[in-house]
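Data first, discussion second: the structure below is written as structure tokens.
The values are calculated or read from the model by the stated rules, or taken from the named source; none is laboratory data. Source: prediction; values computed, not measured. When we count neighbours, we look across all protein chains shown, and the Cβ atoms used for this are built from the backbone with ideal geometry, even at glycine. Note: accessible area is taken over every heavy atom of the protein model, side chains too, but ligands, DNA and RNA are not part of it. Shrake-Rupley method; radii C 1.70, N 1.55, O 1.52, S 1.80 Å.
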Amino acid sequence: MKLIFRAMGRYKQAVTICVVIKLFATLSELLLPYILEHIIDDVAPQGQLRLAVLWGLVMFAAALVCRQLNVAANHRAVDTAHKVSYDIRQELFRKTANLSGSQFDAFGLPSLISRMTSDSYNVQSAVQQLQSLCVRAPMLLIGGVAVALAMDASLATILAAMLPVLILVVFVVTAKGLPMYHQVQQRLDVVVRVMRENITGIRVVKALSKAEHEKRRFAQANQDMTDSDITAGTVMAIPSPFMQMCVNSGLALVVLIGAGRVNDGLMEPGVILAFLTYFNMINMGLMGLSRIFMTMSKAGASADRIDQVLQTETDQRTLSANEALTPTGDEFIRFEHVSFRYGEGSGDAADFAGEERENALTDISFALKRGESLGIIGPTGCGKSTIISLLMRFYDVQEGGVFVDGKDVRTYQKDALRERFGVCFQNDMVFQDTLRENVRFGRDIDDAAFRAAIEDAMAAEYIDALADGPDHQAAIKGANLSGGQKQRLLVARALAADPDVLVLDDSSSALDYQTDAAMRRAIRQNHRETTLIMIAQRVSSIMGMTHILVMDNGRCVGYGTHEELLKICPAYRETYQVQMGEMA
């Protein structure tokens, strides 16, 4: 809840104006039964039509003022609620973008998506109701009780006896509902995860005829969330019928006792009519409070989940020169005895408490001079991409040191470090935009640099063949491009800013050998000062590199040139013979 009030604090003036308007609107609403009672008991008996019309106009004016003020207040409440939710989503997005790899893993992508969407919407609804119902409902309740006591204390006693019981029920139910809504949101995370997995892997699901299996898996996750939501909703709905029963019973008692008092000449008929109206207003106030508690219970759970991300302290601070490690050599890129385990130093250490995790990398060392190249090869899951993640400081090492240009990577500001890299990851994203903007990617890249990049990436041929050329619109995730076209476009993006370090993570798997060779040749010729790191499955893609690192199960099992590895590394020699068809 602190998040909600903190976010609303930025709009104090707008919220205050809305509350004041709603206050006057509710006061106007409370006047209506009192005016009606006056017309029935005081004006009508006089038999003066003009006076009756005059008071009727007064009542109409009060109703009109009430209506207009409510419209104005509700409009302001909606506007402020949207601004608050916009600010929260922006802040949450910025925070998410700055989470370390470990922290991102701990929260999980589906959970972060649901916090950005459904949780922020719940907060938006709460902010809107805080400005409207949180003024109107208590005012109707308190004002109705006050006027009822002033009109007839004995009848008001009926109401006074009910209120403590009703309020107690609301508070008890709310206390029960809050943890239930936490569970609902957690199960929504699972639904989002299953849905995302199926949408992303829909071709695999269809190709393996597993659509029915995935439907059952989604149905189970959906059912779990629905059951939790129904349970929470059922508990939170308890006060409404209970309140309605109590209020209707109270109304019956008011009519019964009031009729007797009118018959005995102790009360005017208009008082009973006004009293019934105030009783209904008090009922609306109680029902409004019940809605507020329900909304706030749901929003409180959502706000806590959002705030959990916003309050996460970064686990990757920038080190001073005195704190940093010093490299033992002056090469441009150095790894010195690096070991790394996923799950350590995360934003939610409880997720990994008591869990023994194996090293993803163990004692990795290599060095590259500026302009040299490194090929990394090995079986799936051996730690190849983890090396890149450590080099770009998506994660921090637990042992050893990673150095760029003679400095520990932990001494760089993250943006300053990553601006030196041009990267094409294995499963990189093509955005729904023109091919030109996919390459530029919001950077200040002129037409000459764009042209050079697509030519070096061997993408110019197919881009120029399109009717609209570089202005051709790519579909979401590049669905209207072939695998090879996407890879060449993504390599062009990596090359466009002429980076100090070019990282290609299995970025030529969809290319034919001729195109792959032509691209590597263009990169060597036109980017001589760029240090190249290439992760590949093909020996042919890396055999011309200055250095080759052979990985297996997180360890280096071979390091050297192509010729050296053929002599000293059995794993590399076997891979080469299998791929080149030279195995006996």
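A few remarks follow.
- Accessible carbon and sulfur surface of the stretch 97-173 relative to its total accessible area, %, 1.4 Å: 73 percent
- Binned Cα-Cα distance frequencies in the chain - 10 Å width, integer %: 3, 13, 17, 18, 14, 10, 8, 7, 5, 3, 1, 0
- Take the Cβ atoms of residue 413 and residue 526, set R0 to 25 Å, and the FRET efficiency comes out at 0.30.
- Taking only the C-alpha atoms of the stretch 433-484, Rg followed by Dmax gives 10.6, 27 Å.
- Placing 168, 31 in order of accessible area, with the largest value first and a 1.4 Å probe, yields 168, 31.
- Expressed as a whole percent, the accessible surface of the stretch 386-460 that belongs to carbon and sulfur atoms is 45, based on a 1.4 Å probe.
- In Hz, Karplus ³J(HN,Hα) per residue of the stretch 19-26 (6.51, -1.76, 1.60; θ = phi - 60°; x = Gly, Pro): 5, 5, 4, 5, 4, 5, 4, 5
- Couplings 3J(HN,Hα) of the stretch 391-398, computed from phi: 5, 8, 6, 6, 10, 9, 5, 8 Hz, in residue order, whole Hz [Karplus 6.51 cos²θ - 1.76 cosθ + 1.60, θ = phi - 60°; x for Gly and Pro].
- When the alpha carbon coordinates of the stretch 370-473 are projected onto the principal axes, the ranges are 53, 33, 28 Å, largest first.
- Applying the Karplus relation 6.51 cos²θ - 1.76 cosθ + 1.60 with θ = phi - 60° to the stretch 312-326 yields 3J(HN,Hα) values of 5, 6, 4, 9, 10, 7, 7, 7, 7, 4, 6, 7, 6, 7, 10 Hz, where x marks Gly and Pro.
- Under the criterion of Cα pairs below 8 Å and six or more residues apart, the relative contact order for the stretch 370-512 equals 30 percent.
- Here the extension length gained between residue 323 and residue 175 equals 48.5 nm, from 0.36 nm per residue of separation less the Cα-Cα distance.
- log₁₀ of I(q)/I(0) at q = 0.18, 0.20, 0.24 Å⁻¹ - the stretch 85-127, Debye sum with one point per alpha carbon: -0.51, -0.61, -0.80
- Residues of the chain: accessible area per residue with a 1.4 Å probe, Å²: 49 Å²
- Evaluated over the stretch 1-127, the Cα radius of gyration and Dmax, each in Å: 23.9, 82
- Note on residue 311/residue 546: beta-carbon distance plugged into 1/(1 + (r/R0)^6) with R0 of 45 Å gives a FRET efficiency of 0.45.
- Each Cα pair under 8 Å and six or more residues apart adds its separation to the average, and for the chain the resulting relative contact order is 15 percent.
- The residue list 65, 388, 7 was ranked by how far each Cα lies along the charge dipole of the chain toward its positive end, using unit charges on Cβ atoms, and 65 comes out on top.
- Hydrodynamic radius (Kirkwood) for the stretch 130-248, which is based on Cα pairs only, to one decimal in Å: 18.2 Å
- The three principal axes of the C-alpha atoms in the stretch 476-584 carry coordinate ranges of 43, 31, 27 Å, sorted with the longest axis first.
- Accessible surface of the stretch 199-320, 1.4 Å probe, proportion on carbon and sulfur as whole %: 61 percent
- Most to least accessible of 226, 326 (protein chains only, probe 1.4 Å): 326, 226
- D (Stokes-Einstein, µm²/s), Kirkwood Cα radius, the stretch 264-311, 1.002 mPa s at 20 °C: 155 µm²/s
- Neighbour cut-off at most 12 other Cβ (10 Å), DSSP loop, trypsin sites (Lys or Arg not before Pro), the stretch 288-339: 317
- Within the stretch 507-584, the GluC sites (Glu not before Pro) that combine a DSSP coil assignment with at most 13 other C-beta atoms in a 10 angstrom radius are 529, 582.
- Once exposed loop chymotrypsin sites (Phe, Trp or Tyr not before Pro) are cut out (DSSP; at most 14 other Cβ, 10 Å), longest piece of the chain: 1-430
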